[in-house]
Amino acid sequence: MHKIINMDSRNMSTIKDKSVNLIVTSPPYPMIDMWDNMFFSQNNEIEFDFAKKKYLKAYEKMHNILNDTWRECDRVLGDNGFICINIGDATRTFDETFQLFSNHSKIIDFFFNLGYSVLPDILWRKQSNSPNKFMGSGMYPAGAYVTYEHEYILIFRKGGKRIFKNNDKLNRQKSAYFWEERNIWFSDLWDIKGTSQFINKKIDSRERNASFPFEIPYRLVNMFSVKGDTVLDPFCGFGTTNLACIASERNSIGFEIDKQIATEAQNKVKNISINTINSFIENRLQSHYAFIKSLPEDKVEKCYTNVNHNFLVKTRQETNLEIKKLGDKILEKDFVAFTYI
């Protein structure tokens, strides 16, 4: 089941307490100018602070808006669930003074004080090849600034480790990932090309698409949930997290405050090409075949056979792994579901 709801995620009353297993999201970034008007519309004091040049007060109030959503996330997230937040810090010049606004540290402080376990984060490297990317006084000392080419993926856990019993153990085994994927996905540095920022259709509220690329929520969904879990994105934008859940046999709920964007996301999820998702899954399988083929003969001899696909895998933990492709699509008034083959 996959839903996108056009509502402010500071009130997600349509979701029951502790009914979500994982939250994957990328919120508006405080002090990035493309989000200014959105924050102004949610608290007009922020616009007044800008007018009075009280920028640090505005910055605090922007995070207070996000904190209201984080509190709702805490309410709906089940015990032992994870929250994964893609956030970038902001650099901005006010009154001829250039400075950093550390968004990621504000969010870490919030969840730490809420009692969450703060887990090692991931740096998403978004390198730019632009020759004009450097800021400041060029080659002269004491006036240039380090160029930010990364964002953070923060990871928090609510309580202790999740315990799997009885049939849940087999489902967890079927939800496993490949050995070679584990080595890449659980690295603290992800070098993934950003998605296009161009919006094909006119959206009144913004000119650029702020979505993260499909690969980011796809990895996170597979890393921190199992098949059949429910994944929430409280700032779902154009529905990228929902699409990742469709490809991963998870349920998804997305909240989007902007009606135009929510409508686009609903259409995108309902009209997603099954062939597009299945091509991605097939590429994942082909990458695994290539990995096994690259192993020396003595390593291949030590491999195990996967019982669901009858191919070789590196470890015993991969023997029940099962990757299904999409079958038929089932549309209802307020959600879309898929069969898997």
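The values are calculated or read from the model by the stated rules, or taken from the named source; none is laboratory data. From a predicted model like this one, the values you see are computed outputs, not experimental measurements. In this analysis, Cβ positions are derived from the backbone assuming ideal geometry, glycine residues included, and neighbour counts consider all displayed protein chains.
Looking at this structure, is S273 hydroxyl-bearing (S, T, Y) and at pLDDT below 95?
Yes; evaluated as a whole, the condition is true for this residue.
In region 312-341, which residue that is among the basic types (K, R) and farther than 30 Å from T14 by Cβ is surrounded by the fewest Cβ atoms within 10 Å (Cβ to Cβ)?
Here the answer is R316.
Go over the candidates V226, V231 one by one and state the one that is under 14 Å from C84 (Cα atoms) and either surrounded by 21 or more Cβ atoms within 10 Å (Cβ to Cβ) or of a type outside the set (D, E, K, R) (or both).
V231
Regarding K16, is this residue buried (at least 17 other Cβ atoms within 10 Å of the Cβ) and among the basic types (K, R)?
No: the conditions fail for K16.
Take the conditions assigned to a helix (DSSP H, G or I) and under 23 Å from K16 (Cα atoms) and apply them to N283. Does it pass?
Working: assigned to a helix (DSSP H, G or I): yes; under 23 Å from K16 (Cα atoms): no.
Taking the combined requirement at face value, the residue does not satisfy it.
Among the residues of region 77-85, is there at least one that is within 21 Å of A244 (Cβ to Cβ), surrounded by 19 or more Cβ atoms within 10 Å (Cβ to Cβ) and touching a Ser or Thr at 6+ places or on another chain (Cβ under 7 Å)?
yes
All but one of (1) more than 17 Å from K174 (Cα to Cα); (2) surrounded by 23 or more Cβ atoms within 10 Å (Cβ to Cβ); (3) under 10 Å from the mean Cα position of the chain (by Cα) hold for F214; which doesn't?
Unmet condition: (2).
Would you list the strands (runs of 3 or more DSSP E) that sit entirely within region 58-121 and hold 3 or more residues that are more than 17 Å from E151 (Cβ to Cβ)? Walk me through it before giving the result.
Numbers: elements: 77-87, 90-94, 97-101.
Where strands (runs of 3 or more DSSP E) fall fully within region 58-121 and carry at least 3 residues being more than 17 Å from E151 (Cβ to Cβ), they are 77-87, 97-101.
Go over the candidates D188, D233 one by one and state the one that is over 23 Å from V20 (Cβ atoms), at pLDDT 95 or above, in contact with a strand residue (DSSP E or B) (Cβ under 8 Å, 6 or more places away or on another chain) and acidic (D, E).
Values: D233 fails: over 23 Å from V20 (Cβ atoms).
On inspection, the qualifying residue turns out to be D188.
H309 is checked against (1) closer than 23 Å to F212 by Cα; (2) surrounded by 13 or more Cβ atoms within 10 Å (Cβ to Cβ); (3) modelled with pLDDT of 95 or more; (4) not hydroxyl-bearing (S, T, Y) and fails just one. What number does that condition carry?
Among (1) closer than 23 Å to F212 by Cα; (2) surrounded by 13 or more Cβ atoms within 10 Å (Cβ to Cβ); (3) modelled with pLDDT of 95 or more; (4) not hydroxyl-bearing (S, T, Y), the lone unmet condition for H309 is (1).
Taking region 19-49 as the search range and keeping residues that are loosely packed, with under 15 Cβ neighbours inside 10 Å and of a type outside the set (D, E, K, R), which one is farthest from K106 (Cα to Cα)?
Looking at residues that are loosely packed, with under 15 Cβ neighbours inside 10 Å and of a type outside the set (D, E, K, R), I get S19.
Taking only region 302-341 into account, find how many residues are over 17 Å from I292 (Cα atoms), in a strand (DSSP E or B) and in contact (Cβ under 8 Å) with a residue 12 or more places away in the chain.
9
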